[in-house]
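Reading through the structure tokens given below for one structure.
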């Protein structure tokens, strides 16, 4: 995605990716040619799973030049931040987390920005993202990981749990999809998107984030509380009023987004595909 979005600004781009063939070096153990590329690079982007990034950081710390920029794209930042604190590299380091799938364009979408050790080169890279239309939100590593529990880990769990309940109900799944009202359609559509995604990313979001366990416990507690409230109309009304009050100034834009979501059904998608 970054290569696609920033191709006109990045200059010469060299990929180090063992998936391209067995003769291609791994960033964790680069050969002489790859070391030469890395040592001469203005910017190095780590678009790898967390275990690889943590190991690669040890390789890159003595290799990159002091005026280089390292950009990591991890879904979880805390352990990477801890490693940086121990290794203390001389070069600039920032983290980014595009809050959307890599197939989507950047314009109009949020990108979390973590300025571990940000200077002039990091500022130029951030400007490139902004000029492509990204909405940058600067966070500390801990604040990022706390936010992504609420924005990624828990929503993914809710969507997958609901879909598994539907699948295990014994009701024909295709009939459910055909009959589904907008909220159910949205959940099932998002489940299909998650299932079509990268399992390593979803596993990292759930397993590597130090705040996820507490988030899951809170979600389970809230489900139990809501299950009790659902049998009492007055209690459920109080819950709905509490939720509405908690939306604060985001209520109107969220309602507008909901109108957009419900305006097109799965039946419409099937008709459009012929």
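Values quoted throughout were computed directly from the atomic coordinates according to the rules given, and no laboratory measurement underlies them. As the structure is a computational prediction, the values presented were derived from the model and not from experiment. Note that we place each Cβ from the backbone using ideal geometry, even for glycine, and neighbour counts take in every protein chain shown.
Tabulated data for the structure shown
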item: Extension reserve of the residue 161-residue 9 stretch, reckoned as 0.36 nm per residue once the Cα distance is removed; result: 50.5 nm
item: q = 0.09, 0.12, 0.14, 0.20 Å⁻¹, region 108-258: log10 I(q)/I(0) [Debye, one scatterer per Cα]; result: -0.43, -0.75, -1.00, -1.50
item: Helix axis angle, 154-167 relative to the chain longest principal axis, alpha carbon, degrees; result: 50
item: Pairwise label distance in nanometres, residue 258 with residue 178, each label 7 Å out on the Cα-Cβ vector; result: 2.9
item: Helix 182-195 vs. the chain, principal-axis angle (Cα, 0 to 90°, nearest 10); result: 30
item: Over region 17-121 - Rg/Rh using Cα atoms and the Kirkwood inverse-distance radius; result: 0.96
item: DSSP-defined beta bridges in the chain - what % are antiparallel, rounded to 5; result: 35
item: 0 to 90° range, to nearest 10: angle between helix 251-262 axis and the chain longest Cα axis; result: 80
item: Fraction of antiparallel bridges per DSSP, region 2-139 only, in percent to nearest 5; result: 35
item: Radius of gyration and maximum dimension Dmax of the chain, Cα, Å; result: 22.0, 71
item: Highest-fluctuation residue, 14, 52, 171 considered, GNM on the chain with Cα pairs under 10 Å; result: 171
